[in-house]
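The structure appears below as structure tokens.
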Amino acid sequence: MKFINQEIKYYHIHLYYTEKNISYAKELGHKIKELFSIDLGRFHEKSVGPHPMWSVQITATRENFYDVMSYAVQNRRDLIFFIHPGSGDDLLDHTDYAIWVGEKQELDISIFKS
């Protein structure tokens, strides 16, 4: 078995939501930003990039990832999370290295293939 040893620079936690739960997604996103001093992206009301649903991106550091993730999972309600590291290999980060919390969705990974 070959082990990968790429440096992880950050983690992205994408909160997926719908029209029905966008207000809770905003509440949770802003609470996480306040508690952990993280970067919170824009709340998209359309599919963006490889993401098949409305989403917002939370950027966690290697140092605070566990705390941010623990809080998010404990308070997720019906939100879906797509989590991936930032190793510099977008295709692997969004496929082999990814974690789903909730119902797995189909990403459009064609944007990462050259």
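Counting Lys +1, Arg +1, Asp -1, Glu -1, what net charge surrounds Trp100 among other residues with beta carbon under 15 Å of its beta carbon?
Overall, the nearby charge balance is -3.
Over the chain, calculate the relative contact order: mean separation of alpha carbon pairs under 8 Å at least 6 apart, over the residue count, as a percent.
This gives 33 percent for the chain.
Which angle between 0 and 90 degrees, to the nearest 10, do you get for helix 65-74 versus the longest principal axis of the chain when only C-alpha atoms count?
50 degrees
For helix 22-36, what angle does its Cα long axis make with the longest principal axis of the chain, in degrees from 0 to 90 and rounded to 10?
70 degrees
Read the figures in this text as sums done on the coordinates, not as results from a lab. This is a predicted model, so every value here is computed, not measured. Cβ sites come from the backbone with ideal geometry, for glycine too, and all protein chains shown count toward neighbours.
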